[in-house]
Structure formats: structure tokens, C-alpha cells
Amino acid sequence: MRAGVFSSLTLVLAAASAVLGRDDYDYCSNTCLSVASSGSWGCTSYDGNDYQICLCSSEAAIETFALCSDTYCSGGWGVWSSYCSSYAGIKMDDFDTVLAAAKAADPLSYDNISLLTVGTEPYTMPQSEFETMLNTNIAFYQSRLFGELYGAATMIFLFGIFFLAFVKRIINLVIPKTAVINSPFVARLRKWFIVPAAFCTTHTAPLKIFGVGYAMMPTRGQTLMVVSVMIMNFIFLFVRYNIFNNNYYWPDEEYYQVVRYFSDRSGIMAFVQIPVLILFAGRNNFLMWLTGWSYETYMVYHRWVARIMFFNAVIHSIGYTAYVLFAGSASLAESFEETYWRWGVVATVFGGVIMFQAMYFLRHRWYETFLVLHIVFVIIFIVGIWYHCVTLGYMEYVYASIAIWGFDRVVRFIRMSSFGFNCPAQVKLVGDVLMLEIKAQGLKWSDGPGKYAYIYFWKFNFWENHPFSLVERRGDTYIFAAKAKDGLTKKVFKYVASQADQSALMSVMVEGPYGESFQVEPFGTVLLIAGGIGVTAMYPYAKKLANLQIPGQHIILHWICHSDDTVKSLLSEMKGLSGTGVEVHVHVTTGKVDDLLTSSDSEKDEKTSNDDASGLSSLVSIGRPELDQLISSTIANADKSVAVAVCGPDSMNDTCRRSTANHLVGPHHVEYFEEAFAWA
């Protein structure tokens, strides 16, 4: 884990270091480069490196730079040599040789030459003209530098929040008692600004129009972070521009200066945000390891940073289109002939396609199709920005983005190979739940609450996978569970259902383990609420806490489910938990208790079955509990801190979140934990 943390952190810092590195920009020498580029040497094409090759091959251009550098700059020849070496692959003679040739050529004065004809003689730039060009270059490049700094600032703000979360997590791990300290100020802050859904009562459940889901609402804490980044991004687009009348490129045309600088800054800010955007989407995002925050949380930030980045990219594209139409020397058609322009259009268009196909309705309804198309479109987008900037600069952000994406894929491959690429899995149906018993073929994991893995089924599309909760480990065999819905799980469900005993032996790949355990051990009362298949996430917590036997800790498990085979299959486990001191309540929404307690095991004798029924009957009740009342009474009756951990259907999770948030302020510290798997 530590190697992954430092590897990922290095990738991010490599991109950030580029911002500081460009602060050493040699304005004087680069102004001389602009002086040399101002001559009409017959170099007109910006497609690929043709312009740089032409410029660096022109003796008159080379000698013009040498004269300028000798007059106004000290040691500026390295800028020209590096420029021609990097972009044109041409090695320059030493400075003294070129300067001597330039002086011997009897250079012209800039005032006496025509820039409309192909020049063959070097020229000198008067000091007044040079100072105008120098000021123009300072304004031009500082605007770009501020674009990098401001783009980085929006991301550094997020990383600052993540760092605070990391520090809090370390303190809680080292000194567990700090996790349950009750501060009235912090409790009110969490009640009103952190825990609840942003502007309504739903967070896990989608917002709907005419019964169709169209968006997921972040929590208030997530919303505050996102809105802060949006406000910062908006402000940074409009500040620190140096606009003046005697600009060399746009004399007496301040409007064109604004359009050009604004377009450059928006594009650069978008570029800076791309590596972080990709980092947030990775399953092996090192920030999850540091903060303990869920993949679902980072997917919220991934989507909103993507929207901010795309907004900047659209502003960049619109601005440059307007600039070419009204201020550029080339027409729009001529601009499309340039490689960097065409690929910039490709990147923007596919950025828009990605935004469209990632809408909640499409993403949630056809997730496997969305994921494949999403990856394809992102690859095209990355190729687009590569060719857009390969001759313009800022490639370190492209390299960092590719490296972060590649790092995630490499770690995923290592996870799969360590467990075994071809593992035998006994798959059986329990109601509408897929239960998998998988025997590890390689390294063994340590089991624990909150763990899950992505399962690939060789029989079906091998690139498709689905998250399965790890229920428990039995030697080298791991028990996983997931509810069959659409896509891959539906295919597996239909196949297994077609078998005679609704069971099948299948070959699978396992990518994992993923997930972080909730830190519930320090709490005096731990209330675990599970809905349906969500019990597979809450059961390991109850089992772990029961084994720890923490003095004075009260563990309560409420399982709300339908009257189906899922209930029957786990009732014995519920009885086992009850025997270890866990207060277990099984709420069956339909059916009869007697039907559930009827043993299906023909090998049990009548006395054993009756004993089981007697022991289980005290745990099971018919009807759906009032969750708000259940949470309220538990918190009210607790004499110490309370942890409320929930995993279930979307509406149940939102109800528990809302109810817990209403009780955060009180005599004891109350914490809310949620396992949702709601990133689809």
C-alpha cells in the first residue's frame, strides 16, 4: 500500500512541479525569439514542426536572434539552441560564430524593412520596439502561468481537504477515543453542513422526474467542496490580466487581448485538472487509502471536476473560435488545416459526448455499455489533447494523466493475478441473490468488514465485472454475495437459474480486495441496519465486534427483508450472532414467521428443528420497522457514543441518513456510516 501511495503521489506532484518550473521563464531571451519570429522568412505553416524547422534553418532568423540577445540579454543563446533542438531537431553553432556572421552581414534596421516580403538579411530591433514586445511577452506568458497556478489552486484546495481527512483518520487510529469526543460546535457543523443531503431528502436515491431518475444529489459536505471549487474556478478565470494599449500584437485592440488571454487561461486550467480528474475515477486512487473515504465519494468529485474541466474546455474552444473569426490572421477554414486545431476540436467534441453519455439515466440503465463506451471515448479524448498540445507544450499533464490511468490498470492486474486468473466458483441462487464460494488460487486475503471485490465471469464478456461484497472467509474459500439486477449479474442469474439445482460451477477472476472498514470499535453503542442483501455488508461488522468482546459495548443488528429464501439461508447465522451477545432483530415485511422457521434440511431430526425454531422465533418479527423511531430510541437510550452503520436500498439509506443527522446534536457523540455501492 505504501508503495502505491508514493507512486501515485509522485505522478501528481510531477505535474504540479511544471507550474513552478515555468516561473523561471526567461522573458528577455524569449522576447528575442519573438523578434526573430517576426521576420518574414517564408515560414507560414504551424502544422507539426514545419514552422520550427523553417525558422531554425533560416540564417537570417538565427542571426537576428543573436543580435537581439547580444544587445538586450545576457546568456540568451541557450533559449534559441534549446528551441531549435527540441522542436526542429537542429543543432546550432556557438554564439560567437553566429554573432560575428550577423555583424558582418550589415544588418538592417527594423524600421527599414518590410515584413510582408521574404527577408534574407538579419535586422536589429530598436529599444522602444523591444520594450513594447518585452512587455507584451510578459503579459502574454504570465497570463498562461496564472492559468496553471489557478488551475492547480482549485485542485490543491481539494487536496487540502483530503489531507485534513487523512490527519483526522490517523489521529483516530492512533488514539481511538478521539473518534467519540463530542464537541457541540462540531456536532452542529456536521448536522447542518456535512452529513445531510444537499438540498433535499435524497442522496443515495436519485432525483426523479415522472418516475425516471436523472441525477444524484451529493451530501452537503460534498456540495460545499464542489461549490467552493466552482467559485474559485470562476473567479480565477477573470483576474490578473495585464491589458494595455500599446500591446505589440494587438495595438489599440484591448478586446482581442482579453479574448486571447481568457481563451488561453481557460484551456490551461482545464489541462491542469485532467490528471486529478482521472485519479478520482481510479479504483486504486491512493486518496481512498489515505482518507478512508469510499469510492462512491470520489466518484462524486470525479463527475463534478469533469464538469468544471469541460466548462473550461468549452470556454477555451468558443474563445479561440471567436478570436480566429475576428482577430486572427488566418480564416477558420485555414485554422482547421492545422493539426493542433483539428485535434483540439476532436477533444472538445468527445468531451461533450462523454458528458452526455455519463448522464445518470444512461449510466445507471445501461452501466456495462456505458463503461465500455466511456473508456473508448476517454481514450479518444486523451489522443485529441495529445495531438492538440504536442507542439504547443503542457504535455506533462498528458503524461501524468496517462501514467495515473496506467498505474491503476497495473495495480488492478496485480490484484487479479495475486488471487488467481482462473478460480473455481460455486454459484448458487438464494432468492434474487447470487452467492459465490470462490477458492483462491494464489495469495490469501485477510477478511474483514467493508471488503468487496470485482468478479469477472469467463463464461460471459470477460471484460465485464461487478462488485460483490465479501461475507466471510472459510480457509482458502471466500463467500461473496450480490443482488442480481441488470447487465452481468442478470446474465449470471439466468444461467444459474436454468440449472437443475439452481447452482453452477463457474470459472471467475477476482479483482480485490477493495473497501475500507468503518471505525466503529470505539463507540459504546453500534447500531447496524441492513436492508435485504445489505446484510452481507453489516453481518461482518456484527461478527467482528462480537469476537472482540469490547467491554460495555452494545451491538444491535436490525435486518429488514422480504419473506424469501434469503431470510431462510441466513437465519442460522443470525441465531449464532445472538448467542454471542449481539442484539439481533430480523424484520420480515411479508409472510408468516412459522413459514420462515420451517427447516428445509431433511437430515435434521425433529428435536433439532424444533430447537432451532424456538431459538429463532424470538429474533423474527413481521412488519417494517419505523426507522426514524428506531434510530431515535437507540440514541436516546444509549449511555455512551453511538455509531449508526447502514447498508440497504437507496430509500432506506436516505431515511437513515436524514434521521441520524437530526440527532447529531446531543449529550453523546453520534456518527453515521453508509455503505451504498452507488457509483453506477
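The numbers here are math on the coordinates, done by the rules we state, and not lab data. As the structure is a computational prediction, the values presented were derived from the model and not from experiment. Cβ: placed from backbone, ideal geometry, glycine included. Neighbour counts: every protein chain shown.
Relative contact order of the range 358-437, please, whole-number percent, based on alpha carbon pairs below 8 angstrom and at least 6 residues apart. Walk me through the numbers before you get to the answer.
Working: 22 pairs, mean separation 9.6, N = 80.
So the answer I get is 12 percent.
Order by neighbour count: Glu626, Glu63, Glu521, fewest other Cβ atoms within 10 Å first, most last. Write out the running numbers ahead of the final one.
On the way: Glu626 12, Glu63 23, Glu521 16.
Lowest to highest Cβ neighbour count: Glu626, Glu521, Glu63.
In the range 148-352, how does Rg compare with the Kirkwood Rh, expressed as the Rg/Rh ratio over alpha carbon atoms?
Details: Rg = 21.5 Å, Rh = 19.9 Å.
That ratio equals 1.08.
Which value in deg cm²/dmol, rounded to the nearest 500, describes the helix-derived mean residue ellipticity at 222 nm for the chain, given -39,500 (n - 2.57) per DSSP H run of n ≥ 4 and division by the residue count?
-18000 deg cm²/dmol
Points 7 angstrom from Cα along the Cβ direction at Glu296 and Gln502: gap in nanometres?
Reported label-point gap for Glu296 and Gln502 is 2.8 nm.
Using a Förster distance of 25 angstrom, determine the FRET efficiency expected from the C-beta separation of His562 and Lys439, and round it to 0.05. If you can, show how the numbers build up before the last one.
Values: r = 31 Å, r/R0 = 1.23.
Step by step, r from the Cβ atoms, then E = 0.20.
Find how much the distance from Thr321 to Ala333 grows on full extension, using 0.36 nm per residue of separation minus their present alpha carbon separation; answer in nm with one decimal.
Working: separation 12, 0.36 × 12 = 4.32 nm, distance 1.09 nm.
That pair, Thr321 and Ala333, stretches by 3.2 nm at full extension.
How would you rank Asp447, Asp654, going from fewest to most other Cβ atoms within 10 Å of each one's own Cβ?
Ascending number of Cβ neighbours within 10 Å: Asp447, Asp654.
For the chain, list the cysteines whose Cβ sits under 4.7 Å from no other cysteine Cβ?
Among the cysteines of the chain, those whose Cβ sits 4.7 Å or more from every other are Cys200, Cys389, Cys423, Cys561, Cys647, Cys656.
State which entries of Lys444/Lys491; Lys483/Lys568; Lys208/Lys483; Lys451/Lys494; Lys451/Lys544; Lys439/Lys490 exceed 21 angstrom in Cα-Cα distance in the structure shown. Let's see the in-between values first.
Working: Lys444/Lys491 28 Å; Lys483/Lys568 16 Å; Lys208/Lys483 23 Å; Lys451/Lys494 26 Å; Lys451/Lys544 13 Å; Lys439/Lys490 23 Å.
Lys444/Lys491; Lys208/Lys483; Lys451/Lys494; Lys439/Lys490, as the Cα separations exceed 21 Å there.
With both bridge residues required to lie in the chain, what share of the DSSP beta bridges run antiparallel, to the nearest 5%? List each step's numbers first, then the result.
Values: 37 of 66 bridges.
About 55 percent, rounded to the nearest 5.
7 Å from Cα along Cα→Cβ at both Ser572 and Val174: what's the point-to-point distance in nm?
That separation, rounded to one decimal, is 4.7 nm.
Relative contact order for the range 148-352: what is it in percent, counting Cα pairs under 8 Å that are at least 6 residues apart? Write down the numbers at each step before the final one.
Numbers: 183 pairs, mean separation 43.8, N = 205.
With pairs under 8 Å counted, the relative contact order is 21 percent.
Averaged over every viewing direction, what's the projected area of the C-alpha convex hull for the range 405-553? Give it in nm², one decimal, please. Present the calculation step by step, with values, prior to reporting the outcome.
Values: hull surface 39.7 nm².
Average of the hull's projected areas for the range 405-553 equals 9.9 nm².
Using a cut-off of 24 Å between alpha-carbon atoms, which lysines can reach Lys191, once sequence neighbours fewer than 8 places away in the same chain are excluded?
Lys168, Lys177, Lys640
Report the label-to-label distance for Glu253 and Ala101 in nanometres (one decimal), using points 7 Å from each Cα along the Cα→Cβ vector.
In this crude label model, Glu253 to Ala101 measures out at 3.5 nm.
Tell me the relative contact order for the chain as a rounded percent, counting alpha carbon contacts under 8 Å between residues six or more apart. Display every interim value, and only then the final one.
Numbers: 1074 pairs, mean separation 81.5, N = 680.
Averaging sequence separation for qualifying contacts and normalising by length gives 12 percent for the chain.
Once each part is reduced to its C-alpha centroid, what is the distance from the range 239-257 to the range 267-325 in angstrom?
Taking the Cα centre of the range 267-325 as reference, the centre of the range 239-257 is 30 Å away.
Taking 22 Å as R0, compute the FRET efficiency from the Cβ-Cβ separation of Phe361 and Lys494 and round it to 0.05. Spell out each step's value before the answer.
Values: r = 24 Å, r/R0 = 1.11.
According to the calculation, E is roughly 0.35.
Would you please give the FRET efficiency between Arg624 and Asn49, computed as 1/(1 + (r/R0)^6) with r the Cβ-Cβ distance and R0 = 60 Å, to the nearest 0.05? Intermediate values should be presented prior to the final figure.
Details: r = 70 Å, r/R0 = 1.16.
That pair, Arg624 with Asn49, gives E of 0.30.
Find how much the distance from Leu548 to Asp111 grows on full extension, using 0.36 nm per residue of separation minus their present alpha carbon separation; answer in nm with one decimal. List each step's numbers first, then the result.
Numbers: separation 437, 0.36 × 437 = 157.32 nm, distance 8.75 nm.
Gain on stretching Leu548 to Asp111: 148.6 nm.
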